[in-house]
1. From the set of residues in region 34-71 that are among the acidic types (Asp, Glu) and in a helix (DSSP H, G or I), which is modelled with the lowest pLDDT?
2. In region 65-80, which residues are hydroxyl-bearing (Ser, Thr, Tyr) and surrounded by 10 or more Cβ atoms within 10 Å (Cβ to Cβ)?
3. What number of residues in region 40-64 are under 18 Å from the mean Cα position of the chain (by Cα) and surrounded by 12 or more Cβ atoms within 10 Å (Cβ to Cβ)?
Amino acid sequence: MAGNNPASAIEKEQIFGLAEKEMEYRVDLFNKLTQTCFSKCIENKYKESELNMGENSCIDRCVSKYWQVTNLVGQLLGSNRPPM
């Protein structure tokens, strides 16, 4: 039974490493989405403390398109993977 512990520890470490990479990927994706949509939809001069209707609509469309493209690319990359 003690022989199984090192394998379990290695598996747990690998799972933890994959989860860590997934979190880094998601944070990076969120940061890119935020930066892209902000620079596209928000003026450099802030006139109001809240988003106006045009900025709100632009951000909604930008985020929606960003997620659609991200999902599409993920599907395309996933379908091209060789079987394991």
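The values are calculated or read from the model by the stated rules, or taken from the named source; none is laboratory data. All values derive from a computational prediction rather than experimental measurement. When we count neighbours, we look across all protein chains shown, and the Cβ atoms used for this are built from the backbone with ideal geometry, even at glycine.
1. GLU55
2. If the condition is that a residue be hydroxyl-bearing (Ser, Thr, Tyr) and surrounded by 10 or more Cβ atoms within 10 Å (Cβ to Cβ), then TYR66, THR70 are the ones that fit.
3. 5
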